[in-house]
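One structure is given below, encoded as structure tokens.
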Amino acid sequence: MTVIKQFFLILLLTGCAMKSTQIKTVDEVDIERFMGDWYVLAHIPSYVEKNAFNAVESYKLNEDGSISTTFTFNEGSLNGPLKTYHPKGFVIPGTNNAEWGMQFIWPIKAQYKIAYLDKDYKITIVARDKLDYVWLMARTKTLPHDQMIKFRDMIEGMGYSLDNYREIEQK
């Protein structure tokens, strides 16, 4: 069984026992502006990305409206082996592009809610109602310490426990 299949099996089996809320999304996302590279600066990681360094999520809008995604990171250290995944995103109709289904394996689509997005499309927080995973991403490899604290506090304010919150080193 591949790591991705194991991840989703664990996700499905534990889904009923997890805490859940209704994460509010941003009002609207200009999907074309959202495309491109996002450095993952902090997260509550999924199984696959627990030891990620240099994590980058890249999005490209397809002609059919789906989103080609490339997620890369070094596993275990800044110079660890490079891992690459290619999930496909699908905008949920009626959400003004602020909620997606992210598909690693068919037919499962994991919830992906854009809960924060600054007006310049330089910083975003992607969250889930289950409060199991969250990602703080930016167009730059670092943010000032005070901003990192501000966004960590924002994530906690959404209802997340910070027990597994982790900042990701970027080189």
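Please verify whether G94 is without any contact (Cβ under 8 Å) to a residue 40 or more places away in the chain and on the phi > 0 side of the Ramachandran plot, treating the condition exactly as stated.
It is true that G94 is without any contact (Cβ under 8 Å) to a residue 40 or more places away in the chain and on the phi > 0 side of the Ramachandran plot.
Of the residues A127, A115, A110, which is closer than 24 Å to P93 by Cβ and either more than 14 Å from the chain's Cα centre (by Cα) or at pLDDT below 95 (or both)?
Of A127, A115, A110, the one residue that is closer than 24 Å to P93 by Cβ and either more than 14 Å from the chain's Cα centre (by Cα) or at pLDDT below 95 (or both) is A110.
Condition check ((1) among the aliphatic types (A, V, I, L, M); (2) over 16 Å from the mean Cα position of the chain (by Cα)) across all residues:
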{"position": "T140", "(1), (2)": "no, no"}
{"position": "D146", "(1), (2)": "no, yes"}
{"position": "M158", "(1), (2)": "yes, no"}
{"position": "E167", "(1), (2)": "no, no"}
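Does K60 qualify as being modelled with pLDDT of 95 or more and assigned to a loop (DSSP other than H, G, I, E, B)?
The answer is no for K60.
What strands (runs of 3 or more DSSP E) completely inside segment 65-171 contain at least 2 residues that are polar (S, T, N, Q) and exposed (fewer than 15 other Cβ atoms within 10 Å of the Cβ)?
Output list reads 67-75.
The values are calculated or read from the model by the stated rules, or taken from the named source; none is laboratory data. None of these values were measured; they are calculated from a predicted model. Quick reminder, even Gly has a Cβ in these numbers, built from the backbone with ideal geometry, and neighbours come from all protein chains shown.
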